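Here's the structure we're looking at; comments come further down.
The values are calculated or read from the model by the stated rules, or taken from the named source; none is laboratory data. Predicted model only: the values in this text are computed from it and were never measured. Note that each Cβ is placed from the backbone with ideal geometry, even for glycine, and that neighbours are counted across all protein chains shown. SASA here: full protein model, heavy atoms, side chains in, ligands and nucleic acids out. Shrake-Rupley method; radii C 1.70, N 1.55, O 1.52, S 1.80 Å.
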Amino acid sequence: PEGECDLTLLTPRDEESLEILRHTAAHVLAQAVRRLHGETVQYTVGPALMDDFQYGFYYDFDLGDKTITNDDLAAIEAEMKKIVKEKLPITREALSADDAKTKLTALGQNYKLEMIGDLDADAQAAGISLYTQGEFTDMCRGPHLQHTGQIGKGVKLFSTAGAYWRGDETNKMLTRIYGNAFFDKKELAAHIAKLEE
């Protein structure tokens, strides 16, 4: 950091760290789905869930004429593990709303364009942040881990479901993939054991 700033050091014990881990895992999920199902896949929102006992994150996708079911989760999870092993640096880019639209248009991400269009003038003037890891770029407020390798081995996908875009039944039905992430395999195993009780 240059000049005066507020600096907060986070450890895995901090709840904020877990939220950052889970949100980064959601981006890795979206990247894996794009790798496996092609660049026509549109990704919408992928938040961390801190108040849901079972799930830690999800991501909603418009797959066009393709489908993803629970039977596909093992392959997606395997691709996520590859991305974690690649230790891809995660970089943030601050752009004007117009420049972000240009970049997202090139990526074919129409839902992201709609989200920018729905921002008020002040929010658009403040700029848009894009995060990139390898070939994958997403619009996001962040923050994220420094690289995908920091996610580790405590990630698991659990299920798929249908979800209307923006929760409105007049909008398109998207495919939602739920997962969870912890800082190590032991925490994940303990979580799964609680779910099975």
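Annotations for the structure displayed:
- So Asp71, is it at pLDDT 95 or above, open to solvent by 20 Å² or more (accessible area, probe 1.4 Å) and charged (D, E, K, R): yes
- The residues on offer are Ile151, Ile128, and the sole one that is in contact with a helix residue (DSSP H, G or I) (Cβ under 7 Å, 6 or more places away or on another chain), open to solvent by less than 20 Å² (accessible area, probe 1.4 Å) and under 26 Å from Lys185 (Cα atoms) is Ile151.
- As a summary of the residue check, Asp60 satisfies the conditions (1) open to solvent by less than 70 Å² (accessible area, probe 1.4 Å); (2) more than 17 Å from Val41 (Cα to Cα); (3) touching a residue at least 60 places away in the same chain (Cβ under 8 Å) except for the one numbered (2).
- Residue that is farthest from Ile151 (Cα to Cα) [pool: residues in the stretch 162-185 that are free of Cβ contacts under 8 Å to residues at least 24 places away in the same chain and not small (Gly, Ala, Ser)]: Thr170
- The stretch 1-19 - residue that is of a type in the set (A, V, I, L, M) and surrounded by fewer than 18 Cβ atoms within 10 Å (Cβ to Cβ) and, of those, modelled with the lowest pLDDT: Leu7
- Entry remark, the stretch 131-148: residues being open to solvent by less than 50 Å² (accessible area, probe 1.4 Å) and assigned to a loop (DSSP other than H, G, I, E, B) number 5 in total.
- Test result for Gly117, open to solvent by less than 70 Å² (accessible area, probe 1.4 Å), free of Cβ contacts under 8 Å to residues at least 24 places away in the same chain, of a type outside the set (Phe, Trp, Tyr) and more than 28 Å from Leu21 (Cβ to Cβ): yes
- A Cβ distance below 9 Å, combined with a sequence gap of six or more or placement on separate chains, defines the contacts here; from the stretch 78-102, residues that are of a type in the set (S, T, N, Q) reach residues that are open to solvent by 80 Å² or more (accessible area, probe 1.4 Å) and in a helix (DSSP H, G or I) in the pairs Ser96/Ala125.
- Test result for Leu174, under 14 Å from the mean Cα position of the chain (by Cα) and either of a type in the set (Gly, Ala, Ser) or outside any helix (DSSP H, G or I) (or both): no
- Output for the stretch 165-180, where each listed residue is surrounded by 14 or more Cβ atoms within 10 Å (Cβ to Cβ) and over 19 Å from Val33 (Cβ atoms): Arg166
- Hey, Ile76 open to solvent by less than 60 Å² (accessible area, probe 1.4 Å) and within 23 Å of His191 (Cα to Cα) or not: yes
- Selection of the stretch 88-107 for residues being open to solvent by 30 Å² or more (accessible area, probe 1.4 Å) and not in a strand (DSSP E or B) yields Ser96, Asp98, Asp99, Lys101, Thr102, Lys103, Thr105, Ala106, Leu107.
- Enumeration of residues in the stretch 153-171 that are in a loop (DSSP other than H, G, I, E, B) and either under 12 Å from Asn70 (Cβ atoms) or of a type outside the set (Gly, Ala, Ser) (or both): Lys153, Asp168, Glu169, Thr170, Asn171
- Test: Glu39 is surrounded by fewer than 19 Cβ atoms within 10 Å (Cβ to Cβ), at pLDDT 95 or above and of a type in the set (Asp, Glu): no
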